[in-house]
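Undergrad: What follows is a structure written as C-alpha cells; I'll ask about it next.
Read the figures in this text as sums done on the coordinates, not as results from a lab. Quantities reported herein were computed from a predicted structural model and do not represent experimental measurements. Cβ coordinates were reconstructed from backbone atoms using ideal geometry, including for glycine residues, and neighbour counts include every protein chain displayed.
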Amino acid sequence: MSTNISTSEFKNKLINQFDSLNGLSAESNRRDALAQFDSYGIPTLKHEHWKYTGLTFLNKHNFDIIKKSEVDYSVLEQFANHPLNFIETEKIFIVNGFSVSSNLKSMQSGVTISRLSDLDEAQKSQLVSDFYSQSIKLENNPFVALNTAFAQDCIVIKIAQNTIVETPLQIVYMNFASPNAIINNPRLLVIAEEGSQATVIESVHTYGTNPSLKNSVSEYYIGNKASLEHYRIQDDSELSHTIDFTQVNQESDSHYHNVNVSLGGQFNRNNIHTLLNGENIESNLSGVFITSGNELFDIHSLADHAFPNCVSNENYKGILLGNSTGIFNGKILVRKDAQKTNAYQSNKNVLLSDTASIYTKPELEIYADDVKCSHGATSGALDEISIFYLVSRGIGRKKAEAMILNAIADDIIDLIKHEPLRLHLIERVENKLNQ
Amino acid sequence: MALIEIKNLKANIYGNEILHGLNLTINPGEIHAIMGPNGSGKSTLASVLAGKEEFEVTEGTVTFEGHDLLDMSPEDRARAGVFLAFQYPVEIPGVSNANFLKTAINEIRKYRKQDPLDAMDFLQMMKERAKLVEIDSTFLSRSVNVGFSGGEKKKNEIFQMAMLEPKFAVLDETDSGLDIDAMKVVANGVNKLKTDDNAFLIITHYQRLLDYIIPDYVHVLSEGRIIKSGGKELAYELEERGYDWVKAEAIA
C-alpha cells in the first residue's frame, strides 16, 4: 500500500498543493510560513530538538493533504460508543482538521465557539492581529510553519470575562485515513478572558485503514486572574501519529494546569510552551505516558518566565514497555526581570524491558539572580525492593508490579479534577498495565 | 510435628557464604529468639526464609508444615503462613495501606480457597487490629510507610502481621530504632497475637525487647551457625558478658 518517498519529495509534494488550498490567514502570512517550512525542511536527527525523534515514518507513509470537500464525516459514528463520548462535556468535533458545523454553538453563556473563517472581516482581522499566530515562532519550527501554511480551518473558543464555565469543553480530534495516509493540520485558538474559569479537554482518535498524522497547533491565551484546566488525552491506535504544538500565554494572577495522559499512539510528539507574561502566575505542566511496542512518545516543554514572582511546576512520568521510546526535554527559562521565580521540574521513568529507551534532558537557563529552580530526572527498572515488600505479603509478582505502576500513573491522573474523566483514565491504565 | 525445621542450611550472597550449616527446629506455640553480633547471619536467615532472590541456598533444607519452603515462591510462602517483619520497612508511594492489605489478604484467601473478604468485614478487621498496635485509623488511607516515623513503620509491620495472621513470623530487628514506648506497643502486639498454633522467631541485637516478649528459647548465632542455645536467661547473660565467651566455649 505504502510507497517510500524521500523527505524532499514529501516536502515538495506538500508545497505543490499549497495553491490549491483555501488557507486561513492572510496570504502573506501563509506564504511566509510556507517559505519557513521550505527553508528548514523536515528535521533530521542532526537537529537538536529532533535528536532522538526520528521522522522516518514520513517517508514510509507518504501522507496526503486533505481538502474540505474530501472529508468523510461519517467517521463520527465510530466515536459514538467510545467511553469519552459519555463523559459529561460539551463536545466540539474536528474531523481531519475540519470542524463539524453542527456543533459550533455553545450551550453555556459566556462561551462562544466559532470558525475563524466564518467571522466577518473586522472580527477576523482583530483576532489575527491580536492573537492568531501572534505568540508562536515559525522559524526553527517547521511543523508549526507547515500548519500555519496549510491549516484550512481554525476553531476559536472565547470565554468571556468572569465567566465560570461549568461543563468542560471537549475537543474531539478525529483522524480518518483510507485508502491513503493523511496529514491533518488542525488549528485551535482559545481565549480565556480576565477572571474566567474553564476546563478544556483535548482527545485524539484515529480510525481508518491507513496512518494519520495530526500536525496541530493550539494557542491558549489566559487573561488576568483567569484559570484554565487543560487535559490532553491520547489513548489511540498504531495508526496514530501526532506532532502537536501548544503555546500558552498567561497574564498576571492567572492559573494554568496542563495534564497530558498518553496511553497509546504510534508516534506522539508534544511541544508545550508556556509564557508567563505577568506577575503572580501559577503554571503547572504534568503528564504520564505509557508506551509499548514500537511507540514513541516525546515531550518538549518550555516554561518561559518573563516577569517576577511566578511559580511553575513540571512533573512528567513515563512507563515504557517493549521496544518503545520516550523523550523528555524540559526547559525552564528565567529571564533577567523574572526575580523571585520558583520553578520546579521532575521527570521520572520506569523501563520495563531491556529494549525500551528513554532520553531525558532537563535544561535550566537562568538570567535572574534571585530565583529558586530545581530539576531532577530518574530512569530505571522497577524497584525490586518495593516489589519484594509487596510479594512478601502474599501478593503475586505481576500484581505487585501493576500496583506500583498504577500508583505512578495515578499520581498524575489524580491531578485531573473532572471526576468522570479521572475515573475513566484510572480504569484504562489499570487495564493496560494488566495486559 | 515441628512447624518449621531448618537443617544444615548454607546460604551465600554474591558468592560469599554467610550461613554455614544452620540447624533450628521450631514447634507451634513457641517463641524463639536469635541473638548474635553484627555480621553473624541473622538478617540473612530472615531473608532466606522470606525468599529474597539475592540469597542463594547451596545446601540444607527448610521444611514448613511438611512442605519444602525453599521450593516455594516468596508470595506462596506468605500465602502458606510465613511472615517477615522487615528491619527496614519499604515506602510505597501511591499505594494505600488499605489497598495493599486488602490485596494481600485476598490473594492469601484465594490461595487457601476462601472467598474474598467483603469491604465491610475488611474495614472492621482493619479498625480492630489497628487498635492492637495503637495506630491511628487515618493512617490506613495513607500510602504504605510514606512519611511514617521509624516507630510507625515498625508498628505497621506488626499491624500487617495482625492482619495477615501468619503461622510463623520472623521479626528482623524490629526493636532497632524504637523508643521504649513504641517497643512496648510492638511487644504487646506480638503477645496478643501469640497462640498455641503459631510461632515467632525474634531476631535482635539486644536483650531489652525480650523483657517484653518472653522467649521459650534463645539461640546465639555466630559466623553462620547456632553455637549455643538456652532459655530466656541466656539473653541476660549475653547482655552482661557479650558474645566472646560463647564463641570461646564453642571453639573449645
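Undergrad: What's the percent breakdown of Cα-Cα distances in chain B across 10 Å bins, shortest bin first?
TA: Distribution as computed: 7, 31, 36, 21, 5, 0, 0 percent.
Undergrad: Give me the dipole magnitude in Debye, nearest 20, for the range A:325-435 about the Cα centre, with unit charges on the beta carbon: positive for Lys and Arg, negative for Asp and Glu.
TA: Charge dipole of the range A:325-435: 120 debye, to the nearest 20.
Undergrad: Lys and Arg at +1, Asp and Glu at -1: add these up for the other residues within a Cβ distance under 15 Å of B:Gly224 and post the number.
TA: +2
Undergrad: Farthest toward the dipole's positive end in the range B:4-251, which of B:Gln114, B:Val218, B:Gly150, given Cβ charges of +1 (Lys, Arg) and -1 (Asp, Glu) about the Cα centre?
TA: B:Gln114
Undergrad: Related question: Between A:Glu363 and B:Ala252, how many nm apart are label points set 7 Å from Cα along the C-beta direction?
TA: Inter-label distance under the simple model: 7.5 nm.
Undergrad: Do the alpha carbons of any pairs in B:Lys52/B:Lys192; A:Lys417/B:Lys102; A:Lys225/A:Lys340; B:Lys127/B:Lys194; B:Lys102/B:Lys155; A:Lys51/A:Lys361 sit beyond 21 Å of each other, and which pairs?
TA: B:Lys52/B:Lys192; A:Lys417/B:Lys102
Undergrad: Please list, or write none, the lysines whose alpha carbon is within less than 30 Å of the alpha carbon of A:Lys67, excluding same-chain residues fewer than 8 places away.
TA: Hits, sequence-local ones excluded: A:Lys11, A:Lys13, A:Lys91, A:Lys105, A:Lys124, A:Lys137, A:Lys158, A:Lys214.
Undergrad: Further question: List A:Asp38, B:Asp115 from most exposed to least, where exposure is judged by having the fewest other Cβ atoms within 10 Å.
TA: Result, fewest neighbours first: B:Asp115, A:Asp38.
Undergrad: Now a separate question. Looking at the range B:4-251 only, what percent of DSSP beta bridges run antiparallel? Nearest 5 please.
TA: 60
Undergrad: Another question, if that's okay. Debye calculation, C-alpha points only, no solvent: report log10 I(q)/I(0) for the range A:383-435 at q = 0.14, 0.15, 0.26 Å⁻¹, in the same order as the q values.
TA: Computed log10 I(q)/I(0) values: -0.40, -0.45, -0.93.
Undergrad: So what are the radius of gyration and Dmax for the Cα set of the range B:19-149, in Å?
TA: 17.1, 48
Undergrad: At 37 °C and a viscosity of 0.692 mPa s, what translational diffusion coefficient does Stokes-Einstein give for the range A:7-277, taking Rh as the Kirkwood radius over Cα pairs? Give it in µm²/s as a whole number.
TA: Rounded to a whole number, D works out at 175 µm²/s.
Undergrad: For chain A, what is the mean residue ellipticity at 222 nm derived from helices alone (per DSSP H run of n ≥ 4: -39500 (n - 2.57); sum divided by total residues; nearest 500 deg cm²/dmol)?
TA: That calculation yields -6500 deg cm²/dmol at 222 nm.
Undergrad: With just the Cα atoms defining each centre, how far is the range A:388-435 from the range A:152-196? Give it in Å.
TA: Computed from Cα coordinates, the inter-centre distance equals 30 Å.
Undergrad: Using Cα centres only, tell me the gap between the range A:264-342 and the range B:172-191 in whole Å.
TA: Cα centres, the range A:264-342 to the range B:172-191: 46 Å.
Undergrad: When Lys and Arg each count +1 and Asp and Glu each count -1, what net charge do the other residues less than 13 Å away from B:Ser143, Cβ to Cβ, add up to?
TA: Cβ neighbours under 13 Å give a net charge of -3.
Undergrad: Related question: Compute log10 of I(q)/I(0) for the protein assembly as shown with the Debye formula, placing one identical point scatterer on every Cα and leaving out solvent, at q = 0.09 Å⁻¹, to two decimals.
TA: Relative scattering, expressed as log10 I(q)/I(0), comes to -0.84.
Undergrad: Using bins 10 angstrom wide from zero, how does P(r) for the range A:155-299 break down, in % of all Cα pairs?
TA: 12, 41, 30, 14, 3, 0
Undergrad: If each residue's Cβ is checked for other Cβ atoms within 10 Å, how do A:Lys336, A:Lys158 rank with the fewest at the top?
TA: Going from sparsest to densest Cβ surroundings: A:Lys336, A:Lys158.
Undergrad: Run the numbers for A:Ser129 and A:Asn224: contour at 0.36 nm per residue of separation, minus the present Cα-Cα distance, in nm.
TA: 32.2 nm
Undergrad: Now, a different point. Using a Cα-Cα cut-off of under 14 Å, which aspartates and glutamates could be cross-linked to B:Lys110, ignoring same-chain neighbours fewer than 8 residues away?
TA: B:Glu75, B:Asp76, B:Asp118
Undergrad: Moving on. What is the local net charge at A:Thr7, summed over the other residues whose Cβ is closer than 12 Å to its Cβ (Lys, Arg +1; Asp, Glu -1)?
TA: +2
Undergrad: A further question on this structure: With a 10 Å Cβ neighbour count serving as the proxy for reagent exposure, in which order, fewest first, do B:Ile214, A:Ile319, B:Ile31, B:Ile227 appear?
TA: Result, fewest neighbours first: B:Ile214, B:Ile227, B:Ile31, A:Ile319.
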